[in-house]
Amino acid sequence: MSKPRGGFAGFRGRLRSRGKLDDETWDELEETLLLADVGASTTAVLLDQVKARAVSEKVRDADALPGLLEAEIAAALHAGADRSLQRASSGPSAWVLVGVNGVGKTTTIAKLAAREVEDGHRVLLAAADTFRAAAADQLVHWAERLGVEIVRAQEGADPGSVAFDALEASVSRGVDVVLVDTAGRLHTKTNLMEELKKVLRIVERTPGALQEVLLVLDATTGQNGLTQARQFTEAVGVTGVVLTKLDGTAKGGIVLAIEAELGVPVKLVGLGESAEDLVDFDPAEFAAALVGANEEDE
């Protein structure tokens, strides 16, 4: 996460010559948070919390501010969020991945499948994005490479029928996890959301199967990602966020904005191209990587 911490590295460097905490220091911290895409309302709340911590701990030196900020970010992200991927008590667990095109949904499904196979689970992929033949072809490639099963249909087929066939097959074949890919763009946003709702209703016909609706977001889109998250959350009840390309942006603060404004936990983050680069989100590690309070600046 070298890019996400870049903005804070400069801030830390300037604090060393600042001395005492003053209004200018707080203003600069506010600007740094906004540039990191924490968002205006979340930044305001976080600033108040850091100021309160500074008072309670009797901190007066500007040099101590990054440590306070890191602790407050970690505390805010720890607050009651369940970041585990939910599983059915019996039968298949269906995880439906949603999000706009181009955010890395199909690649994320492949990485998730690889993790599950590594853990000894039997996986089935459902290529319910029937509007882009390339998406289904990509999933077929991954299914062959990972040695997992896949259900797909012809281009333009009903996505709901793919979901139905996948769940039916998963029950009969003793599959542990069904990963459902969905379309990211139709002619209008309304059409997209209605199509997704239909897919979810069909998955729910298998009692207890629907365990996760995971929204895949590209971290480099910043506040646009927050807008997407709000739309999908309101429409289809997102249970968790997978944030891709977090290694490629200086705007990692979007994690805070998503959780504070939408109440949806970030469960997984993508930090590279390989399957091993999809990792569980850890608040303390994220706060340390973002702020880097204990790092030496060049």
Next item on the list: May I ask you to derive the relative contact order of segment 32-133, considering only C-alpha pairs under 8 Å and at least 6 residues apart, and to give it as an integer percent?
Entry: 12 percent
Check: When the Debye formula is applied to the Cα atoms of segment 142-268, each taken as the same point scatterer, what base-10 log of I(q)/I(0) results at q = 0.11, 0.14, 0.16 Å⁻¹?
Finding: -0.45, -0.71, -0.90
Check: What is the count of Lys pairs in the chain whose alpha carbons sit under 15 Å apart, if the two are 8 or more places apart or on different chains?
Finding: 11
Check: Which percentage, to the nearest 5, of the DSSP beta bridges contained in the chain is antiparallel?
Finding: 15 percent
Next item on the list: For ARG122, enumerate residues with amide H under 5 Å from its amide H, sequence gap 5+ or separate chain, H modeled in the peptide plane.
Entry: ASP176, VAL177
Note to self: Nearest 500 deg cm²/dmol is fine: what mean residue ellipticity at 222 nm does the chain get from its DSSP H runs of n ≥ 4 alone, each adding -39,500 (n - 2.57), divided by its residue count?
What the structure shows: -16000 deg cm²/dmol
Item checked: More than 16 angstrom apart: percent of Cα pairs within segment 92-202 -> 53 percent
Notebook entry, point to check: Would you list SER41, SER161 from fewest to most Cβ contacts within 10 Å?
Noted result: SER41, SER161
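Which of THR190, THR182, THR221 comes first, and how do the rest follow, when ranked by fewest Cβ neighbours within 10 Å?
Exposure proxy ranking, most exposed first: THR190, THR221, THR182.
Please report the relative contact order for the chain, taking Cα pairs under 8 Å with a sequence separation of at least 6, and give it as a percent rounded to a whole number.
Numbers: 544 pairs, mean separation 81.5, N = 298.
Once normalised by length, the contact order is 27 percent.
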Checklist line | Mean separation of Cα contacts under 8 Å (6+ apart) over length of segment 121-265, as relative contact order % | finding: 20 percent
Check: Tell me, how many Å apart are the Cα centres for segment 199-218 and for segment 45-103?
Finding: 25 Å
Next item on the list: Please report, in cubic angstrom per residue, the volume enclosed by the convex hull of the alpha-carbon atoms of the chain.
Entry: 126 Å³
Notebook entry, point to check: For segment 271-288, what does the Karplus curve 6.51 cos²θ - 1.76 cosθ + 1.60, with θ = phi - 60°, yield as ³J(HN,Hα) per residue in whole Hz, taken in order and with x for Gly and Pro?
Noted result: 10, x, 8, 7, 4, 6, 8, 9, 10, 5, 6, 10, x, 5, 5, 5, 4, 5
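Readers should treat all values here as calculations from the given coordinates under stated rules, not as data from a laboratory. As the structure is a computational prediction, the values presented were derived from the model and not from experiment. For neighbour counting, all protein chains shown are included, and Cβ atoms are generated from backbone atoms with ideal geometry for every residue, glycine included.
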